[in-house]
Amino acid sequence: MDWFAGLRVLSLESRRADEMTTLIQKYGGEATVAPSMREQKLDLSAHLTKFEAGLAAGDIHAVACMTGVGTKMFLRDLAARDPRHLEKLKDVPLVARGNKPTQALKTFGLTGIIVPRPHTWHEIQDHLLETLKPGQHAVILEYGDPTPQAMLRTLSQAGLRVTSVPVYRCTFPHDTAPLGLAVRDTALGGQDILLLSSGTQLLHFLKFAERLRLEAEVRAALGRMIVVSIGPACSESAAELGVRIDLEANPHKMGILVRTAAEHGPGLLRGRLSRAG
């Protein structure tokens, strides 16, 4: 199998950029990896004080852990204030949006309840609606972006009290030069396949395109390219941004993302180009 066979493959990966480059090249692609975001930790002092009070009063009835990164950051700061808080958390249902937050909980000696696939906020919402009673209190550890308003509205309408804790936010990288080059190259038709590991990557890519006044050109280029998502949450975010997903990795891992794109992307691209011609 020729895999990518020299096709131009764009990734917006940040934390694992080097690994992504190696994977694309392993499958015969011409790799462009342009980091699109960095995780910026926020000041949790006020939120931790309120959380401690709720924990002591028995007024926290569930904690929704949306990402591994956010869960680790929050628990590390909570334990630094008083390690005994972790023991109290063992009596609180900890709802995990997939394997990464589950693993993060395990590093602190805690056990998470994994919601069903596809591990999006919808499954978290459904679990809270099924297990909590009106008047009970759920804490949501946010994941880079604010908790969806639709989720907050639904939980509130069911009579639940919800506190969202913004553990970190995703911002542009310190060095935006590679991202700017990738935007311009995409606008000029210089990429064939886009790999997405998160919806925030695409959001930042489009925001930067808008900053460069190239959003329309980039969107048109994405319509011609093959766009591959790492999983349902990422695909859902892309759909909300008006970008079509052609392939989705299953299981939802980076290596599978690249392999899926290499195995099926070239054929889909040929078909699209022949129809356009």
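The values are calculated or read from the model by the stated rules, or taken from the named source; none is laboratory data. This structure is a prediction, so every number in the text was calculated from the model and none was measured. Virtual Cβ from ideal backbone geometry, glycine too; neighbours counted across all protein chains shown. Keep in mind that these areas ignore ligands, DNA and RNA; they rest on the heavy atoms of the full protein, side chains included. Shrake-Rupley method; radii C 1.70, N 1.55, O 1.52, S 1.80 Å.
Odds and ends about this structure:
- Each DSSP beta bridge with both residues in the chain is either parallel or antiparallel, and the antiparallel ones are about 15%.
- Estimated Rh, the chain: Kirkwood, alpha-carbon pairs, angstrom: 20.0 Å
- Measuring nothing but protein heavy atoms, the accessible surface of the chain at 1.4 Å probe radius is 51 percent carbon and sulfur.
- Taking the Cα centre of the chain as origin and assigning +1 to Lys and Arg Cβ atoms and -1 to Asp and Glu Cβ atoms, the resulting dipole is close to 40 debye.
- For the stretch 5-97, applying the loop criterion from DSSP together with a ceiling of 15 other beta carbons within 10 Å to the trypsin sites (Lys or Arg not before Pro) yields Arg15, Arg16, Lys90.
- In plain terms, the chain from Ala216 to Leu42 could stretch by 59.3 nm, reckoned as 0.36 nm per residue minus the Cα-Cα distance.
- The chain: angle of helix 254-276 to the longest principal axis, Cα-based, in degrees nearest 10: 40 degrees
- A dipole drawn for the stretch 4-60 from +1 and -1 charges on Cβ atoms has a positive end, and of Ala34, Gly6, Ala53 the residue lying farthest that way is Gly6.
- The 3J(HN,Hα) values that the Karplus relation (6.51, -1.76, 1.60; θ = phi - 60°) gives for the stretch 181-193 are, in residue order, 5, 5, 4, 5, 5, 4, 4, 8, x, x, 10, 9, 9 Hz. Gly and Pro appear as x.
- The modelled label-to-label distance between Lys253 and Asp91, using points 7 Å beyond Cα along the C-beta direction, is 3.9 nm.
- When the listed pairs Lys26/Lys253; Lys100/Lys253; Lys100/Lys207 are checked against a 19 Å cut-off, the alpha-carbon distance exceeds it for Lys100/Lys207.
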